[in-house]
Amino acid sequence: MRMTSRLALVLTLLLPLSGCELLLVSPTLPGIAPFVGRPLTGKVVDSVTGLPLGNATVTAGLLATAKTDADGSFKLYGNIGGQGIAIARAGYTSLSYVTNSPLADGQSYFLPPLFPATGLPSAKHVTLQGVIHYNGAPITPKGAVVFAGLASTMTTTNGQFALAIRELLPGSVHSGVLAGGILIGGPISSETNQSAADFSFDSFGYRFADIPFADKPDLAPLPLQPIESKEVPIQSLSVSYSNAGAFQRVQTDVFMDFGLMGSVPVARNSQSNKTLPVPYVQGIKYAIEGQAADASGKLTSRVSVVTNSLSPVPFRLMPPPVVTGPANGAEEGGNPTFSWEPVPDAQSYAVEVLEGTHASATLKWKGYTSQTSIAFPTFPDWDMNGGSLIPGISYTWTVRAYNATVESLGKAVTAPPPSKPYRTNLYESAASGMTFSRVR
């Protein structure tokens, strides 16, 4: 029997290779890479809402490219190896994850939106009204502060307050901690239209507050029971830095962590080694954040830890990366490769590129790597975020060093818990403000 040329070709492609290995080739259309081996699976989600992102482009290796389905899932076929993965979608900041080891199956990749408010329902507003008591009577004279999350306000002369809470999504039930007391120093935050300063409390109290379900932009003022500010004792917390002398300014912030109910600031101090008075509640965790700045006031190092006791906390700040290229103000003929010297104890790095050199410059691209260099990606600019750099435009870039792996870094940095202004047991440092331009 005469074998046709087509059958001979098929049998040739199925010949055993090196013993029992078998090469499997799927039929393909011209210009389409064949599906080879087991696919890499994963999911892409919005870092703000946590919702899956469909129609995102996922690229790995040289030829492996896929689009996410409506549920955010994707399958990549091909020789992917450990080169990393790049993700892009219209309306979102393009991200690149670079690792030494092969990419793991089933990972979720968080993509930050360019405009987080776009497509979200209008916010609802509510005003919380109440009074702060001390020894069973309203605090007098004026001088107590009450806060919920990042919002804060001062009491009037009779201990009363009216605290506006904004940007709550309609249809949600908001629960959180409402706390306050007699403040020493301050203010707690810039919400009071003043600059941040050292503060602590000499009386403190808190209660849980619920904002009822409502689908309208503005809710009626919500009256609350009094907060008894002396119900929580004040104790001492010692925070020390072993290398504070290497930095111009060091600041320590302490937060009480109520879990899903949120966290509240309870102390701030700008001295490097200091004992801070903080409210003590048994079983509550404390988030302690130290940060250092250079002579210009630019943040260069930060450390965050969580503890469930008031034992002394020793810190050693991570030095900022020393940049080796591109030089500040350089003109690049193509997409640049960003490089820096290794930082002691750093496991991974994040590079951000912003379009423009002014305060309102927009994020163009963000990439992660465990190496001391990373190249700006060459995927096209059709998605309007990331892609090719534009000739004649100046860009600003930042490199951050972390004591976390690339995988955990991507999740922690692009999608931090919105109610917690810290990250657990994370050390980071940064070199920022470097500029370059694309000349052709």
Taking the range 310-344 and keeping only residues that are assigned to a loop (DSSP other than H, G, I, E, B) and surrounded by fewer than 13 Cβ atoms within 10 Å (Cβ to Cβ), one is left with SER311, PRO312, VAL322, ALA327, ASN328, GLY329, GLY333, GLU341, PRO342, PRO344
If we keep only residues of the range 166-189 that are touching a Phe, Trp or Tyr at 6+ places or on another chain (Cβ under 6 Å), at pLDDT 75 or above and not aliphatic (A, V, I, L, M), then the residue surrounded by the most Cβ atoms within 10 Å (Cβ to Cβ) is GLY181
Flagged pairs (Cβ under 6 angstrom, 6 or more apart or on separate chains; first in the range 425-440, within 21 Å of GLY297 (Cα to Cα); second aromatic (Phe, Trp, Tyr)) are GLU428/TYR402; MET434/TRP397
Output for Cβ contacts, cut-off 6 Å, separation at least six or different chains, first residue closer than 21 Å to TYR97 by Cβ and in the same structural domain as ILE87 (by TED's automatic domain parsing) in the range 352-379, second at pLDDT below 85 and surrounded by fewer than 19 Cβ atoms within 10 Å (Cβ to Cβ), reads none
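The values are calculated or read from the model by the stated rules, or taken from the named source; none is laboratory data. Nothing here was measured: the structure is a model prediction, and the numbers come from that model. Neighbour counts run over all protein chains shown; Cβ positions are idealised from the backbone, glycine included.
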